[in-house]
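As structure tokens, the structure follows; a few thoughts come after it.
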Amino acid sequence: MHVEDRLKELGIELPPAWDVPSDFRFVRAVTTGNLVFISGHGPRRPDGTHVTGRLGEDLDLDAGYEAARLTAIQCLASLKAEIGDLDRVVRIVKLLGFVNCTEKFGEPPRVMNGASDLLIDLFGERGRHARSAVGMQALPNGIAVEVEMVVEIAPAS
């Protein structure tokens with residue numbers, strides 16, 4: 001099954017790729033050889049608002065899981081803008097997840113399952129990846145989750 005078909009089946013519409021403000025000194029994604037490095041993205045809802053707050057204080061595990069899932073969708077939008085066709089994905093190689101949480105919140109890996117589960121649902125075994133999930137005292141603009149991704153791709157046809 002094509003990834004775009006699977007997205008529709010799951011009721012997911014990829015948003016337009018995020019525009020990096022001109023005063024920022026980075027780009028959304030960099031391709032080198034057969035790897036794409038996706039910059040850190042945050043959880044944006046379909047209405048354009050961000051999921052903010054700290055896990056263990058403002059948000060519970062379910063809200064964190066959903067924030068990580070939304071963040072993975074943002075990463076996929078940037079990946080698609082970079083490579084054109086998500087069917088070129090050979091493997092999701094690595095996720096690095098940052099979870100905005102209290103010092104007593106010990107569940108960043110369970111929060112990050114929101115991103116991992118989505119990628120496995122979309123890509124099957126190609127979506128299984130190495131991953132790190134770490135708790136942070138703060139993230140930019142108070143977002144709940146930030147995710148970076150490394151993806152192996154096939155040459156364009």
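With the requirement that a residue be aliphatic (A, V, I, L, M) and touching an Asp or Glu at 6+ places or on another chain (Cβ under 9 Å), what does segment 1-26 give you?
Taking segment 1-26 first, the residues aliphatic (A, V, I, L, M) are 1, 3, 7, 10, 12, 14, 17, 20.
Hits for segment 1-26 are Met1, Val3, Leu7, Leu10, Leu14, Ala17.
With the requirement that a residue be of a type in the set (A, V, I, L, M, F, W, C), surrounded by 14 or more Cβ atoms within 10 Å (Cβ to Cβ), in contact with a strand residue (DSSP E or B) (Cβ under 8 Å, 6 or more places away or on another chain) and more than 15 Å from Thr71 (Cβ to Cβ), what does segment 92-149 give you?
Listed by number, the residues that qualify are Val93, Phe105, Phe123.
Please specify each residue of segment 4-32 satisfying the condition of being polar (S, T, N, Q) and either outside any loop (DSSP other than H, G, I, E, B) or within 26 Å of Pro155 (Cα to Cα) (or both).
Quick first cut of segment 4-32, residues polar (S, T, N, Q) only: 22, 31-32.
Residues satisfying the conditions are Thr31, Thr32.
Determine whether Ala63 is among the hydrophobic types (A, V, I, L, M, F, W, C), under 17 Å from Ile120 (Cα atoms) and either outside any strand (DSSP E or B) or in contact with a Cys (Cβ under 6 Å, 6 or more places away or on another chain) (or both).
Values: among the hydrophobic types (A, V, I, L, M, F, W, C): yes; under 17 Å from Ile120 (Cα atoms): no; either outside any strand (DSSP E or B) or in contact with a Cys (Cβ under 6 Å, 6 or more places away or on another chain) (or both): yes.
No; evaluated as a whole, the condition is false for this residue.
Within segment 13-40, which residues are surrounded by 18 or more Cβ atoms within 10 Å (Cβ to Cβ) and either more than 13 Å from the chain's Cα centre (by Cα) or among the β-branched types (Val, Ile, Thr) (or both)?
Passing the criteria: Val36, Ile38.
Hey, could you check segment 33-52 for residues that are touching a residue at least 60 places away in the same chain (Cβ under 8 Å), part of a loop (DSSP other than H, G, I, E, B) and touching a helix residue (DSSP H, G or I) at 6+ places or on another chain (Cβ under 7 Å) and say which is farthest from Asp85 (Cα to Cα)?
Out of the qualifying residues, it is Val51.
Being under 27 Å from Arg25 (Cα atoms), assigned to a helix (DSSP H, G or I) and either among the acidic types (Asp, Glu) or modelled with pLDDT of 95 or more (or both) is the requirement here; does Ala68 meet it? Steps first, answer last, please.
On the way: under 27 Å from Arg25 (Cα atoms): yes; assigned to a helix (DSSP H, G or I): yes; either among the acidic types (Asp, Glu) or modelled with pLDDT of 95 or more (or both): yes.
Taking the combined requirement at face value, the residue satisfies it.
Take Arg54 and tell me if it is surrounded by 16 or more Cβ atoms within 10 Å (Cβ to Cβ), in contact with a His (Cβ under 9 Å, 6 or more places away or on another chain) and over 19 Å from Val89 (Cα atoms). Before the answer, list the steps.
On the way: surrounded by 16 or more Cβ atoms within 10 Å (Cβ to Cβ): yes; in contact with a His (Cβ under 9 Å, 6 or more places away or on another chain): no; over 19 Å from Val89 (Cα atoms): yes.
Criteria not met by Arg54.
How many of the residues in segment 41-76 are of a type outside the set (D, E, K, R) and within 9 Å of the chain's Cα centre (by Cα)?
Here is the first cut: in segment 41-76, the residues of a type outside the set (D, E, K, R) are 41-43, 46, 48-53, 55-56, 59, 61, 63-65, 67-68, 70-76.
Subsequent filtering for residues that are within 9 Å of the chain's Cα centre (by Cα) retains 41-43, 68, 70-76.
Within segment 41-76, residues that are of a type outside the set (D, E, K, R) and within 9 Å of the chain's Cα centre (by Cα) number 11.
Only one of (1) in contact with a helix residue (DSSP H, G or I) (Cβ under 7 Å, 6 or more places away or on another chain); (2) within 16 Å of Val3 (Cα to Cα); (3) in a helix (DSSP H, G or I) fails for Val90. Which number is that?
Exception for Val90: condition (3).
Can you find a residue in segment 95-108 that is assigned to a helix (DSSP H, G or I) and of a type in the set (S, T, N, Q)?
Initial filter on segment 95-108 (assigned to a helix (DSSP H, G or I)): 108.
Then keep just the ones that are of a type in the set (S, T, N, Q); that gives none.
No: segment 95-108 contains no residue that is assigned to a helix (DSSP H, G or I) and of a type in the set (S, T, N, Q).
The values are calculated or read from the model by the stated rules, or taken from the named source; none is laboratory data. Remember, predicted model here, so these are calculated numbers, not experimental data. We place every Cβ from the backbone using ideal geometry, glycine too, and count neighbours over all the protein chains shown.
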